[in-house]
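Here, each number is a calculation from the coordinates, and none is a lab measurement. Note that the coordinates shown come from a computational prediction; the quantities given were computed from them, not determined experimentally. Cβ sites come from the backbone with ideal geometry, for glycine too, and all protein chains shown count toward neighbours.
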There are 2 protein chains.
Amino acid sequence: MFGVTILGNNSALPAYERHPTAQVVTLNEQLFLIDCGEGTQMQLARYKVKRGKINHIFISHLHGDHYFGLLGLITSMGLLGREQDLHIYAPPPLKDIIHLQLEAASTALPFTLHFHPLEKEGVLIDHPKFSVSCFATRHRIPCWGFIIREKKKPRKIDKDKITAYQIPAAYYERLKEGLDYETRSGEIIKNEWVTRPGIPPKSYAFCADTIYDESIADKTKDVSLLYHETTYLKDLEERAAARYHSTTLQAAAIAQKANASKLLIGHFSSKYETLETFLEETIQAFPNTQLAIEGVTYYV
Amino acid sequence: MFGVTILGNNSALPAYERHPTAQVVTLNEQLFLIDCGEGTQMQLARYKVKRGKINHIFISHLHGDHYFGLLGLITSMGLLGREQDLHIYAPPPLKDIIHLQLEAASTALPFTLHFHPLEKEGVLIDHPKFSVSCFATRHRIPCWGFIIREKKKPRKIDKDKITAYQIPAAYYERLKEGLDYETRSGEIIKNEWVTRPGIPPKSYAFCADTIYDESIADKTKDVSLLYHETTYLKDLEERAAARYHSTTLQAAAIAQKANASKLLIGHFSSKYETLETFLEETIQAFPNTQLAIEGVTYYV
């Protein structure tokens, strides 16, 4: 399972029961929280996301609609007796903001909080099965996108063939890694005779808040699912630029240039009561688009 | 109109769709916000409270469930173009917490924010028609309750009598203030012959979070409506004391000692799914009690 569950799809002002930005990426047993707008802990409860399984939280930037729910979530985790470490990746000033508030409350968390300041593009987590990296987007203040990539998956063994070639079971793991097998008599059994390619690795890119910036397409090249903000409809391109945000057509253009398989759009301005037009405009330019709807999980 | 609208009635952890502490006191045209837990701006919208009319915000203490919604509310007020001044009365460390977050967001509010640190008991606002004072409660960290009192109301003129005594209209305001009238011939018309007492002034006391503390009854003597926390039912008196909170019977005891006309109970622990037992226990000791329910306005 590799998917993203939307907890908040709105921009700065909460409106029409839409919440500020927060989303949970599920990758097998891992839950990653990306952004944590006000009310995120309530949204996690509403959509029955197991907050105890969140060990990594990524904050794109320090506009309140992307992190004002963080302290509430952290202190609630403490009250619920969490013991395992929690990692937060965020712009450097958040560290003092967190500590000042814990100190004012005279709160000692029962778990260790590791703060990882976002200062340059690169890998944040390098796990045997996946990686998480950050990349800069262009917003009014320093802002970061995140890419979660599965690593190359093992090749699949053809059971009939390995039986026919009499390859010992102890060698199966090496076959999955793509190695050839040499028999006792020195004969080489080519890997591709007995295995098939594994499922191609997938990837998810969250592009945070950003003005239209083609470098984002390079940074998210060939991603399986691209999340791009569409604060405004296409007619408000000037306003979008003035506020360092993007329109429907701009999100579609980035997805196309990135060669993304799918596009997910969100961060809708509170000036719009309904969202259908966002989808209609975007699919004109990039057909494989979906609207980010709160409570819905989109598979990568 | 003098009433209090509950926006959040739960203690630390949001649960069962109950929210952390926040309430709006309406006194004629004035709206006072007392505490501002996470999600308060959404609750204001849900219950159609006009946030633009809130000019004074009182924060009892710096546990997150009493103020984590403040920054979101302030920045939303700014995004909505608020221009009139906003006054915040809160424990001193909140000032730095606010400014650090505005600075991190590179946000300049379009209105002036006046921060009034709570440092000693006394009058915070002295208006011709009402006053607001603060008093210390006993909690794990510095914590303040607030009392909003109407001032003495003008006496009511008996129209038949003032006509009979031929008192000129220009003197009516002085009659309402309780002054006697002297005729040209030097005759004294006693005030009580021509007026009746005004409606008795009312008062609302918010007792914040507190351990059972009888001094609170002295500080809220004769209040019309007393809000007292009841985090736990009566059987958990020890736990309440250990956590600097109160039980149902303790809230009732304070209301009785204070000679309050009515009691409103709230700040229910998340361990309780339903609230009926809170009311049942409290009315045994103080019959004129109501449960603080979100979205409901209680008249003072």
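Report, as a whole number in µm² per second, the diffusion coefficient that Stokes-Einstein gives for region A:119-197 at 37 °C and 0.692 mPa s using the Kirkwood radius over alpha carbon pairs.
Result for D is 211 µm²/s.
When only alpha-carbon atoms count, how far does region A:1-107 stretch along each of its three principal axes, as whole angstroms with the largest first?
So the extents along the principal axes, rounded to whole Å, are 36, 32, 23.
Could you compute how fast region B:146-300 diffuses translationally, taking Rh as the Kirkwood radius over C-alpha pairs and applying Stokes-Einstein at 4 °C with viscosity 1.567 mPa s? Give it in µm² per second.
In µm²/s, the coefficient is 71.
For all pairs of alpha-carbon atoms in region B:90-223, what percent lies in each bin of width 5 Å, listed from the first bin to the last filled one?
2, 8, 13, 12, 10, 10, 9, 8, 8, 7, 6, 4, 2, 1, 0
In whole Hz and in residue order, list the ³J(HN,Hα) couplings for region B:33-39 that follow from phi through the Karplus curve 6.51 cos²θ - 1.76 cosθ + 1.60, θ = phi - 60°; x for Gly and Pro.
Values, residue by residue: 9, 10, 6, 7, x, 3, x Hz.
Is there a simple number for the mean count of other chain Cβ atoms within 10 Å of the Cβ of residues in A:33-44, and what is it?
3
Just to be sure I understand the model, the point goes 7 Å from the Cα along the line to the Cβ. What's the resulting A:T277 to A:D158 distance in nm?
It works out to 5.6 nm between the two label points.
Every other copy gets compared here: list the nm distances from the B:D85 label point (7 Å along Cα to Cβ) to its counterparts, shortest first, one decimal.
Computed spacing set for this position: 5.0 nm.
Would you grab the residues whose amide H sits under 5 Å from the one on A:H87? Only those 5+ places off in sequence or on another chain, please, with H modelled 1.01 Å from N.
A:H56, A:I57, A:H114
Treating only the Cβ of Lys, Arg, Asp and Glu as charged (+1, +1, -1, -1), what charge dipole size does region B:183-229 show about its Cα centre? Round to the nearest 20 debye.
The dipole of region B:183-229 has a size of about 520 debye.
Determine ³J(HN,Hα), in whole Hz, for all residues of region A:109-115 in sequence, where each value follows from phi through the Karplus function 6.51 cos²θ - 1.76 cosθ + 1.60 and θ = phi - 60°; x replaces Gly and Pro.
Residue by residue, region A:109-115 yields 5, x, 10, 8, 10, 9, 9 Hz.
From the backbone phi of region B:277-289, what are the Karplus-calculated ³J(HN,Hα) couplings (6.51 cos²θ - 1.76 cosθ + 1.60, θ = phi - 60°) in whole Hz, Gly and Pro given as x?
Taking θ as phi minus 60°, the curve returns 5, 4, 5, 4, 5, 6, 5, 4, 9, 8, x, 8, 10 Hz for region B:277-289.
What is the residue of chain A with the smallest Cβ distance to the axis taking A onto B, and what is that distance in whole Å?
Of all Cβ atoms in A, the one closest to the rotation axis yields A:G39, 2.
Given the -39500 (n - 2.57) contribution per DSSP H run of 4+ residues, what per-residue ellipticity at 222 nm results for chain B, rounded to the nearest 500 deg cm²/dmol?
-6500 deg cm²/dmol
Test of understanding: express the Cα radius of gyration of region B:158-208 as a ratio to 2.2 N^0.38 Å, with N the residue count.
For region B:158-208, the normalised Cα radius of gyration is 1.56.
Tally Lys and Arg at +1 and Asp and Glu at -1 over the other residues with C-beta under 13 Å from the C-beta of A:E29: what net charge comes out?
Local charge sum for A:E29: +3.
Count, for each residue of B:65-78, the Cβ atoms from other chains sitting within 10 Å of its Cβ, then give me the mean as a whole number.
Whole-number average of other-chain Cβ neighbours for B:65-78 is 5.
Averaged across B:104-116, how many Cβ atoms of other chains sit within 10 Å of each residue's Cβ atom?
3
Can you give the Rg/Rh ratio of the protein assembly as shown, where Rg is from the C-alpha atoms and Rh is the Kirkwood radius?
1.13
Provide, for q = 0.06, 0.08, 0.12, 0.15 Å⁻¹, the log10 of I(q)/I(0) from a solvent-free Debye sum over equal Cα point scatterers in chain A.
These q points yield log10 I(q)/I(0) values of -0.24, -0.41, -0.79, -1.09.
So if I take the centroid of the Cα atoms in region A:188-205 and the same for region A:223-280, what is the distance between those two points in Å?
35
Quick one: label points 7 angstrom along Cα→Cβ at A:S261, distances to the other copies in nm, smallest first?
The projected label point of A:S261 is separated from its counterparts by 6.8 nm.
Any idea what the dipole of chain B comes to, in debye rounded to 20, about its Cα centre with Lys/Arg Cβ at +1 and Asp/Glu Cβ at -1?
Charge dipole, chain B, about its Cα centre: 880 debye, nearest 20.
Over chain B, what is the percentage of antiparallel beta bridges among all DSSP beta bridges, to the nearest 5?
Of those bridges, close to 60 percent are antiparallel.
What's the longest uninterrupted piece of chain B once you rule out the trypsin sites (Lys or Arg not before Pro) that are loop residues per DSSP with at most 10 other Cβ within 10 Å?
Here the longest run is B:191-300.
Considering chain A as a Gaussian network with a 10 Å cut-off on Cα pairs, which listed residue, A:P197, A:P20, A:P110, attains the greatest mean-square fluctuation?
Evaluated over chain A, the most mobile residue of the options is A:P197.
Computed FRET efficiency, Cβ-Cβ of B:Y299 and A:S215, R0 56 Å: what is it to the nearest 0.05?
Efficiency for this residue pair is about 0.40.
Build a GNM of chain B with springs between Cα atoms under 10 Å: which of B:Q166, B:Q30, B:Q250 gets the top mean-square fluctuation?
Ranking B:Q166, B:Q30, B:Q250 by mean-square fluctuation puts B:Q166 first.
Between beta-carbons, use under 14 Å as the cut-off and find the net charge around A:K151, counting Lys and Arg +1, Asp and Glu -1.
It works out to a net charge of +4.
Note down the relative contact order for chain B as a percent, whole number, built from C-alpha pairs under 8 angstrom at least six residues apart.
For chain B, the relative contact order is 17 percent.
Note down the magnitude of the dipole of the protein assembly as shown about its Cα centre, charges +1 on Lys and Arg C-beta and -1 on Asp and Glu C-beta and zero elsewhere, to the nearest 20 debye.
So the dipole magnitude of the protein assembly as shown works out to roughly 440 debye.
Sort shortest first the distances from A:N55 to its counterpart in every other copy, using label points 7 Å along the Cα-to-beta-carbon line, and give them in nm.
Here the equivalent label points are 5.4 nm apart from this one.
Please work out the C-alpha center-to-center distance from region A:48-81 to region A:149-179 and express it in whole Å.
41
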